[in-house]
1. Amide H neighbours of A:Gly339 under 5 Å, at least 5 residues apart or on other chains, H built in the peptide plane: list them.
2. Antiparallel DSSP bridges in the stretch A:132-253: what percent, to the nearest 5?
3. With the crude spin-label approximation of a point 7 Å out along Cα→Cβ, what separation in nm comes out for A:Arg136 versus B:Leu123?
4. Convert each backbone phi in the stretch B:64-78 into a coupling constant with the Karplus relation 6.51 cos²θ - 1.76 cosθ + 1.60 (shift: θ = phi - 60°), then list the ³J(HN,Hα) values in order as whole Hz, x for Gly and Pro.
5. Leaving out ligands, DNA and RNA, and with a 1.4 Å probe, what % of the accessible surface on the stretch A:273-331 is carbon or sulfur?
6. Over all residues in B:78-84, what is the mean tally of Cβ atoms on other chains that come within 10 Å of each residue's Cβ?
7. Report, by chain and number, residues whose modeled amide H sits under 5 Å from the one on A:Arg365, excluding near sequence neighbours (fewer than 5 apart, same chain).
8. What does the accessible area per residue of the protein assembly as shown come to in Å², with a 1.4 Å probe and no ligands, DNA or RNA counted?
Amino acid sequence: MSAAANSSRQQTEAAEAFAGWLQGLSGGAAVDATSSGTAQDWLAAERQQAAERVRAQAVPTGKSESWRYTGLRSLIDQGFVQVDESLTALTPDDIEEILVPGLDAHRAVLVNGRYSEALSDLGTLPRGVRVGSLQRMIESDPDALQGVLTRIAGEGSHLFASLNTAAMQDGLVLLLERGALLERPIEVIHLSVGMEEPRVAQPRHLISLGDGAQAQVIERYVSLGDALYCTNSVLELSLGRDALLKHARVQQESPNAFHITGLYLSQDANSHYAGVNIGLGGTWARTDLVTRFSGEHAECDLQGLYLAGDKQLIDYHMDVRHGLPNCSSRERFKGILYGKGRAVFDGLVYVARDAQKTDAAMSNRNLILSANAEVDTKPQLEIYADDVKCSHGTTVGQIEPEMLFYLRSRGISASLARRMLCLGFAGEIIEALGPEALRDYVTEQVGERLERAPLD
Amino acid sequence: MLSVKGLKATVGDKEILRGLDLEVGPGEVHAIMGPNGSGKSTFAHVLSGREGYEVTAGSAKLDGTDLFELDPEERARLGLFLAFQYPVELPGVNNMYFLKAALNAIRKSRGEDELDAVSFMRLMKEKLKVLHLDDSLLKRPVNFGFSGGEKKRNEIFQMAMLEPKLAILDETDSGLDIDALRIVADGVNALRSPERSMIVVTHYQRLLDYIEPDYVHVLAKGQIIRSGGKELALELEEKGYGWIVDGEAA
Ligand SMILES: Nc1ncnc2c1ncn2[C@@H]1O[C@H](COP(=O)(O)OP(=O)(O)O)[C@@H](O)[C@H]1O
Ligand SMILES: [Mg+2]
């Protein structure tokens, strides 16, 4: 057999294996959903459709562009199975070690994708703010979810998001009524704990801010130990008119974790979204950030910092679509790669013909500390309007020798000097995280990784 | 204190230092003057261990320790300090954090405890005042967005904080107006002591009106071709370098 035929046979086999695996993950859950009640017919229908989309959607292969960099074989080979039971054995003492020292926040905790009443510490929530379990809310008040849940990520969602829709069971819901104000931040801890067999959790989260509502949300993806597992999560975000959301996301999962997140954001007029994504953990971490505007003068600010070392692939995809005039978007991502680390930055800003006065800027800067590290950076602007302000730029560079020498000439060791320069590079993104306790914590997390990083 | 013998150094295949000798005793201030491109900065860089230069002959010892055996940070911990001709901007690296890391690294190598936060602050404020630098400088990234004068004063401020045994000031006067020059010179003079030696590299005699050297050397084409007292600087100011350099070549 020729090499080409051989490789195409392998492709087909991989695709079949993947399709089989996907159906295993979506099928059972969809049945579960239809049997769980009658009030949520709309939801059952959505899930059914999503399950069908999963079956119909072409399996992403090495050839399909948005999956070009993230080979799926390693994911399939793990033989992940769906998590069905909830873990109740953990006590607040068990999660002490993963907390951010000194962070003052309302705290919601999910374990392997399920909301944990026992571990959450919400304190007193202001009027007009609801926080809790998605599953509970589907059972008790599904009307509150209708028109939002599955609607934002609905059309155009990628395969994993469809899979999530078909299979979701629980997750976090945060609802702010019109004008509600959440002054203290709310911290959402997504904790994963290893199980005997490798499991996949598919939590679904929803954050919805009514007109003029304001909140600060800190999401953290953490693990206990070096567990091997997969998380396929979807977060739908809806911002009403004039709403303001500051959103910090820190992914610091186990070095063996597979992490897939789709974040779907819908912004109404004059709303402001400021997201900061920190990607530190996992062996295979893919994040899709998808933004749509439903009103003018909305602002979307996406910033990020990623670190990848040996056995790590960190993969960010952005899809910001300006369909209306007068909105602005900014993507500013920075990466530090060391060892054999790999990263992908794939950002698309699309400006439709009618989206005049769009202001869009995209930048991706990378610092490469070793010859074996690699980054694929691909910022794309697709512009069909003629009166816009759009820019993009990327850099891939190394530490400047004279900067290193300057520090060393003051008695600072080469390794600390390198770390100081990397933290200096990362600093402006970490600054944007908000609370000082969180900034200090992330600085420390980044510093620790750099300290362990091989020097070439 | 510093003993340099027969030092030769190349950049690429270009020989820049061609047999340089210099002896600096404790507490002495030596001025090195010379035309542009004569190798003054190269000499300073080679002593402090910057990459990109190859020492092909000779030696440099600080209190008997061979400098060329040491990494740049080890030389600094031994008490060598270079005030850069072109201080490097370090975006994102906080000035105060930087100074603390440097001071603690040096103290640690001397077997001293790290300074506590209060003493560190007090020390910094005191030294800032001498150099007429604003406290706000501490919160800014190292040299980033500093004016030319601020950068030079920041170098001397670092020197004041780190209290080296031997300081090399590489054209610290260039780009300073007369007021800034006086401030820098006051800062330097405040650090003169019987235990601390200095090599003041300058193109002009002007600085030496404020920092009085014990010895003046002329560096040309990679060698010290003339040494003398401070009156040599005045002679150079008057006649330029031509008469010595050409005289030597002839
Ligand atoms: N990194 C370098 N690469 C090539 N040539 C250099 C380098 N650094 C210095 N030189 C050359 O060495 C000579 C001496 O330079 P330098 O030491 O900077 O002189 P000075 O400080 O006396 O003005 C000059 O001819 C300069 O061009
Ligand atoms: Mg010079």
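The values are calculated or read from the model by the stated rules, or taken from the named source; none is laboratory data. This structure is a prediction, so every number in the text was calculated from the model and none was measured. Neighbour counts are summed over all protein chains in view; Cβ atoms, including those assigned to glycine, are modelled from backbone coordinates with ideal geometry. All accessible areas refer to the heavy atoms of the entire protein, side chains included, with ligands and DNA or RNA removed. Shrake-Rupley method; radii C 1.70, N 1.55, O 1.52, S 1.80 Å.
1. A:Ser370
2. Close to 5 percent.
3. About 5.4 nm separates the two model spin labels.
4. Each residue of the stretch B:64-78 in turn: x, 8, 5, 5, 6, 7, 10, 6, x, 5, 6, 5, 5, 5, 6 Hz.
5. Ligands and nucleic acids excluded, carbon and sulfur give 47 percent.
6. 2
7. Counting only residues 5 or more places away or on other chains, the set is A:Phe333, A:Lys334, A:Gly335, A:Thr395.
8. 41
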